[in-house]
Amino acid sequence: MSAQDEAEIEQLIQDCYAMVSGPAGPRDWSRQDEIFHPECRQMRTGVDEAGQPWMMIFSLDEYSANADALLSTTDFYEVALVNRISVFGNMAQAWSSYEAKHHPDDADPERRGINAFQFYKGPSGRWQIVSMIWDNERDGLSLPDDMTQA
């Protein structure tokens, strides 16, 4: 993996977190078309009260509408803890552990989890996110030690 590819992918991850972070209210989605491939899918996963897995799949517009509804009354700041990036040709993947807080200075996170990103380097020569799926820690599921510290 070239240093340029790694830096570009790392920046996309940081930009993705920055896009959803901020005080309560709608987010600024103006860079969404630059960061994400037009056919990108974003998938939120979890388990219900009975312990059954569920998944919600969003297009870009569906995700931004869903996120704005969830974050309209909640301060939310998400930051990467550890990014593990692999590149092969024009595709890449990253496991990115994160923590979310209601305020950037909060000592304890409101939640932690892992985003799995997939990237594509298209004809323009730049990387874009083509998919991401994530899950949060919960009873019986904790971040691996190697994903908690850089």
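Only the coordinates and a few stated rules stand behind these numbers; no lab work does. Just so it is clear, the model here is predicted, and its values are computed rather than measured. When we count neighbours, we look across all protein chains shown, and the Cβ atoms used for this are built from the backbone with ideal geometry, even at glycine.
Please indicate, with yes or no, whether at least one residue in the range 86-95 is farther than 24 Å from Arg138 by Cα and in a helix (DSSP H, G or I). No, there is no match, as no residue in the range 86-95 is farther than 24 Å from Arg138 by Cα and in a helix (DSSP H, G or I). Glu6 fulfils the conditions (1) over 22 Å from Ser72 (Cβ atoms); (2) touching a Phe, Trp or Tyr at 6+ places or on another chain (Cβ under 7 Å) except for a single criterion, (2).
Please work out if Leu60 is touching a residue at least 12 places away in the same chain (Cβ under 8 Å) and under 12 Å from the mean Cα position of the chain (by Cα). Judged against the criteria, Leu60 is not a match.
Looking for something part of a helix (DSSP H, G or I), of a type in the set (D, E, K, R), out of contact with any Leu (no Cβ under 7 Å at 6 or more places or on another chain) and surrounded by fewer than 16 Cβ atoms within 10 Å (Cβ to Cβ) - is there at least one such residue anywhere in the range 29-49? Yes: the range 29-49 contains one or more residues that are part of a helix (DSSP H, G or I), of a type in the set (D, E, K, R), out of contact with any Leu (no Cβ under 7 Å at 6 or more places or on another chain) and surrounded by fewer than 16 Cβ atoms within 10 Å (Cβ to Cβ).
Annotation: of all residues in the range 1-17 being among the hydrophobic types (A, V, I, L, M, F, W, C) and in a helix (DSSP H, G or I), the one that is surrounded by the fewest Cβ atoms within 10 Å (Cβ to Cβ) is Ala3.
Between Ala24, Ala65, which is among the small types (Gly, Ala, Ser), more than 17 Å from the chain's Cα centre (by Cα), over 18 Å from Gln93 (Cα atoms) and surrounded by 11 or more Cβ atoms within 10 Å (Cβ to Cβ)? Matching residue, one of Ala24, Ala65: Ala24. Per this entry, Asp135 is counted among residues that are within 13 Å of the chain's Cα centre (by Cα) and acidic (Asp, Glu).
Ala65 satisfies every condition listed in (1) assigned to a loop (DSSP other than H, G, I, E, B); (2) free of Cβ contacts under 8 Å to residues at least 24 places away in the same chain; (3) under 25 Å from Pro23 (Cβ atoms) except (1).
Out of all the residues in the range 113-142, which are surrounded by fewer than 17 Cβ atoms within 10 Å (Cβ to Cβ), in contact with an Asp or Glu (Cβ under 8 Å, 6 or more places away or on another chain) and closer than 23 Å to Pro53 by Cβ? Within the range 113-142, just Leu141 meets the criteria. Being on the phi < 0 side of the Ramachandran plot and in contact (Cβ under 8 Å) with a residue 60 or more places away in the chain is true of Ala92.
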